[in-house]
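K.L.:
To start, I am sharing the structure in question, which I have written as C-alpha cells.
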Protein chains: 4
Amino acid sequence: MTANKFDIKLLAMDVDGVLTDGVITVHADGSESKNFHVHDGAWLRIWRRLGRQTAIITGRECPAVECRARDLSIDYYYSKALIKKEVLNQLIEQSGIDPVQIAFIGDDVFDLPVIRRVGYSAAVADANPEVRQAADYLTSLPGGRGAVAEFIQHLLRKMNLWDQAMERYRQ
Amino acid sequence: MTANKFDIKLLAMDVDGVLTDGVITVHADGSESKNFHVHDGAWLRIWRRLGRQTAIITGRECPAVECRARDLSIDYYYSKALIKKEVLNQLIEQSGIDPVQIAFIGDDVFDLPVIRRVGYSAAVADANPEVRQAADYLTSLPGGRGAVAEFIQHLLRKMNLWDQAMERYRQ
Amino acid sequence: MTANKFDIKLLAMDVDGVLTDGVITVHADGSESKNFHVHDGAWLRIWRRLGRQTAIITGRECPAVECRARDLSIDYYYSKALIKKEVLNQLIEQSGIDPVQIAFIGDDVFDLPVIRRVGYSAAVADANPEVRQAADYLTSLPGGRGAVAEFIQHLLRKMNLWDQAMERYRQ
Amino acid sequence: MTANKFDIKLLAMDVDGVLTDGVITVHADGSESKNFHVHDGAWLRIWRRLGRQTAIITGRECPAVECRARDLSIDYYYSKALIKKEVLNQLIEQSGIDPVQIAFIGDDVFDLPVIRRVGYSAAVADANPEVRQAADYLTSLPGGRGAVAEFIQHLLRKMNLWDQAMERYRQ
C-alpha cells in the first residue's frame, strides 16, 4: 500500500443533523426522540461487512442516540464532545488509525476543526454554509434522509469496493 | 385469460422507505416508531375489496410494523428477510401465484433481485438510482407519502378496474 | 339575508391528510400518533369566536384525533364515517344548517360525494387530482401544514369578516 | 454607547412555528410532543455565552415546551400569552431592557403587535404573509428547521460579534 492510495478505514459521524434530521422531538415527560433513516443503517452494515470501522462524535448526551448506536454496532462512541477536535485526538489514539485514513461527515460549525484534520470529509446538503465550503464532498441528501448512506456509497466507489459491496444483490 | 393479459393478483411491498418515509424514530427507552401514510392504508383496502392479495417483505424486525401489517390485514408477512430473493421464492410457493401476476414496490438495492423477478415493479420517487432504473414504474410520490396508494391506482387503471373501484364514491 | 349572500355557518373537515399531514406514526405498542398544526388550531378558535361552527368527518377511529377534537372544541364529531355522504346528511339534520351554508375541506376520493353536495369546498394542495378538480378552492399549503387555517382566512375575506377577525391583533 | 449602535441584549421568541415546525403530535393518551431543532439550541447557547438573554412568549401551555425551555436555560418564559403585546410589556418591565434592544422572531398574525414594538424583528420563511411583510428580517429557513439559529447568526454579524462567537471553532 502506498501513501497515495485512498483507503478509508474508519468513518466518523456527527449525530444531530447528520445521522438525524436535526429534529429533537420533546415529549410531555421531557424525554427526547430522534429521527434516523433506514438507508444509513443498511449501508453502515455493508460498510462494516467490508471490514471498515465506525465512530460517533456527538456534542450532546441522549439515551435515544445510545440505543441507535448500539443497534448499528458503532465501534467508537463519544458523547458530550463539546470540543470535537480533542475527541478526534482521542479517537486517533484509541483506534490507532492514521487521520488520513479517517473520513468524517458533519453539518455545523462545531465540526469544522474535525473536518480540517481528517483525510476526507463530507457535509450534508443542509449543512451550515461554512461547513459546506470546508468539506471535500457534499451529499445531495440532507441529514437524516440517507446522507450517510450516500457518503458511504461515494467512498466505496472511490475505493473501488462498489462491486464487492453489491455482489450479493446482483444475482 | 390469455398469457398476455395484465392481471396482478398480489402486491408485495418493502416497508422502510416504501410504506414508511424511511425514518426510524428512536425513543429514550430504545423503542422505535415508524411513519405510515393514511392514503396507502385506504387504497390497500380498496385493493383487497377487489379480491387482490398483499404481502410485506422487510429486512428488519419491528413491533410497530407488525402492528401496522395487522391493521392493514396483510396476507403474507415476512420479516428479517435479508436475502429478499429467497423470501420471494417462499411467497410464490405459499401463495401459489405465478410470479408474472405479482407486483412489487421497493426503494433500495436490496430489492433489486425481487424487482427483476416479478411481473411488474415500481420504485418510489426517492429510491436508489439503480432501483429507479430497474423498475417498470416510478411513482411521483416518495415513500411514506402515498407512493403505494399511487402505485395501486396505476395498477387499477392498467387492469381496467378503476371504474369498479370508484363506483361507491361516484354518486 | 338574501339567498345570494355568501355566508358559511359551519366548516366541516376531513382529518387524515387535511387536519393532519396524512402520517400515521405507529409505536412499538401499536398505539398511533398524528401530526396536527398549530395554525389550524389558532384559526379554528378565531372562526368559533365569530360565531361559526365546526365539524369533523373521519373514516377512521382514533383516540389521538378525539383528543385533538376536544382540545379544539369541535361542535360535531363523526368517526368511522366510511360512507361520508350519509354522515353529511346526519350533520345537516343535527345542525339544522342549510347545506349551502356548509363548507368542507378534504383530500381523497372518499370525500368527493361531500364536496359535490356542500355550498363551498376546498382541496388541500396535496389532495388526489380528482378532488383538486372537484373543489371550489385549492389551498397552497398541504394537509397538516396549515391548510385549514388558510381556508378559514379565505372564507373570512370572502365573507367580509377579515377586519373583524383581525381587530384585536391590529393595535 | 450611542443611541444609534445596534446592540440587541435580549432575543424573544414565539414557540409554535418558530422554535418548532408548527406540528403538534397528539398521542393516543392525549399528550402532545413538539419538534425542535438542534441548530437552534446550539446557537442559543452561543448567544448566551456572549452575555445575551432569551425569552419565550407562547400563546399555549405545554409541558413539552417547558421541558425544552429548561434545557435551553431560557431567561424569561411566558405561556398562555393570548394578548402578546401585554406580555411584551411585562417582559420589558421585568428585564429592565429598552424595547429597542429587544429582538423578536415570530410567524403568525398574533405576533404582529410585538413585531411592531421591538427594536428588531424577524419572520420565519413560512410565516403568515402579513408577518413576513411587517418584519425587519426574513429567515431563509422555515420554523423548526434552524430559523432561530439563522436569525442569531444574522444578529451576531450585524453586531460585529461573529468572530468572537466563532473563535473557539476556528483553530
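K.L.:
Can you tell me which residue within the stretch D:38-74, out of those that are open to solvent by less than 10 Å² (accessible area, probe 1.4 Å) and part of a strand (DSSP E or B), is farthest from residue C:146 (Cα to Cα)?
P.N.:
D:54
K.L.:
Can you find even one residue in the stretch D:132-139 that is modelled with pLDDT of 95 or more, farther than 13 Å from residue A:128 by Cβ and of a type in the set (Val, Ile, Thr)?
P.N.:
Taking every residue of the stretch D:132-139 in turn, at least one turns out to be modelled with pLDDT of 95 or more, farther than 13 Å from residue A:128 by Cβ and of a type in the set (Val, Ile, Thr).
K.L.:
Here are B:22, B:30: which of them is within 23 Å of residue A:36 (Cβ to Cβ) and exposed (fewer than 15 other Cβ atoms within 10 Å of the Cβ)?
P.N.:
Unique residue meeting the criteria: B:30.
K.L.:
What is the number of the single condition among (1) at the interface with chain A (Cβ under 8 Å from one of its Cβ atoms); (2) more than 23 Å from residue C:39 (Cα to Cα); (3) among the aromatic types (Phe, Trp, Tyr) that residue D:43 does not meet?
P.N.:
Failing condition for residue D:43: (1).
K.L.:
Right, something else. Looking only at the stretch D:21-39, how many residues end up being more than 9 Å from chain A (Cβ to nearest Cβ) and under 15 Å from the mean Cα position of the chain (by Cα)?
P.N.:
Residues in the stretch D:21-39 being more than 9 Å from chain A (Cβ to nearest Cβ) and under 15 Å from the mean Cα position of the chain (by Cα): 1 in total.
K.L.:
Note down all Cβ pairs under 6 Å where the first residue falls in the stretch A:17-29 and is assigned to a strand (DSSP E or B), the second is polar (S, T, N, Q) and modelled with pLDDT of 95 or more, and they're at least six residues apart or on different chains.
P.N.:
As it stands, the answer is A:23/A:35; A:23/D:35; A:25/A:33; A:25/D:33; A:25/D:35, since those pairs meet every condition given.
K.L.:
Which residues, counting only those in the stretch D:100-110, are modelled with pLDDT under 95 and open to solvent by less than 20 Å² (accessible area, probe 1.4 Å)?
P.N.:
D:108, D:109
K.L.:
In the stretch A:78-96, is there at least one residue being in contact with a Pro (Cβ under 7 Å, 6 or more places away or on another chain) and more than 24 Å from residue D:37 (Cα to Cα)?
P.N.:
yes
K.L.:
Here's something else I'd like to know. (1) closer than 25 Å to residue B:80 by Cα; (2) out of contact with any Asp or Glu (no Cβ under 8 Å at 6 or more places or on another chain): which one isn't true of residue B:19, the others all being true?
P.N.:
(2)
K.L.:
Filter the stretch D:61-78 for residues that are more than 14 Å from chain A (Cβ to nearest Cβ) and touching an Asp or Glu at 6+ places or on another chain (Cβ under 8 Å) and give the result.
P.N.:
D:77
K.L.:
Oh, and also: Go through (1) modelled with pLDDT of 95 or more; (2) open to solvent by less than 60 Å² (accessible area, probe 1.4 Å); (3) within 14 Å of chain B (Cβ to nearest Cβ) for residue A:114 and report which single condition fails.
P.N.:
(3)
K.L.:
Right, another one. Sort out which residues of the stretch A:151-171 are touching a residue at least 40 places away in the same chain (Cβ under 8 Å), open to solvent by 20 Å² or more (accessible area, probe 1.4 Å) and within 12 Å of chain B (Cβ to nearest Cβ), and write them in order of number.
P.N.:
A:153
K.L.:
Let me ask something additional. Residue B:88 versus (1) out of contact with any Leu (no Cβ under 8 Å at 6 or more places or on another chain); (2) of a type outside the set (Ser, Thr, Tyr); (3) within 13 Å of chain A (Cβ to nearest Cβ); (4) free of Cβ contacts under 8 Å to residues at least 60 places away in the same chain: which is the lone unmet condition?
P.N.:
The one condition residue B:88 does not meet is (4).
K.L.:
Does residue A:105 count as assigned to a helix (DSSP H, G or I) and more than 14 Å from chain B (Cβ to nearest Cβ)?
P.N.:
no
K.L.:
Failed condition for residue C:97, given (1) over 27 Å from residue D:20 (Cβ atoms); (2) within 14 Å of chain B (Cβ to nearest Cβ); (3) surrounded by fewer than 23 Cβ atoms within 10 Å (Cβ to Cβ); (4) touching a strand residue (DSSP E or B) at 6+ places or on another chain (Cβ under 9 Å), with all others met?
P.N.:
(2)
K.L.:
Then there's this: If we scan the stretch B:113-121, do we find a residue that is hydrophobic (A, V, I, L, M, F, W, C), part of a loop (DSSP other than H, G, I, E, B) and touching a strand residue (DSSP E or B) at 6+ places or on another chain (Cβ under 7 Å)?
P.N.:
Yes, some residue in the stretch B:113-121 is hydrophobic (A, V, I, L, M, F, W, C), part of a loop (DSSP other than H, G, I, E, B) and touching a strand residue (DSSP E or B) at 6+ places or on another chain (Cβ under 7 Å).
K.L.:
Out of all the residues in the stretch D:122-135, is one or more open to solvent by 30 Å² or more (accessible area, probe 1.4 Å), in a helix (DSSP H, G or I), touching a residue at least 12 places away in the same chain (Cβ under 8 Å) and of a type in the set (Lys, Arg)?
P.N.:
no
K.L.:
Among (1) closer than 20 Å to residue B:24 by Cα; (2) open to solvent by 10 Å² or more (accessible area, probe 1.4 Å); (3) modelled with pLDDT under 90, there is one condition residue B:85 misses while meeting the rest; what is its number?
P.N.:
In the conditions (1) closer than 20 Å to residue B:24 by Cα; (2) open to solvent by 10 Å² or more (accessible area, probe 1.4 Å); (3) modelled with pLDDT under 90, residue B:85 misses (1) alone.
K.L.:
Within the stretch C:136-171, track down each residue that is among the β-branched types (Val, Ile, Thr) and either at positive phi or part of a helix (DSSP H, G or I) (or both).
P.N.:
C:148, C:152
The values are calculated or read from the model by the stated rules, or taken from the named source; none is laboratory data. From a predicted model like this one, the values you see are computed outputs, not experimental measurements. Don't worry about glycine lacking a Cβ; one is built from the backbone with ideal geometry, like all the others, and counts go over all protein chains shown. These accessible areas exclude ligands, DNA and RNA; they are computed on the full protein's heavy atoms, side chains included. Shrake-Rupley method; radii C 1.70, N 1.55, O 1.52, S 1.80 Å.
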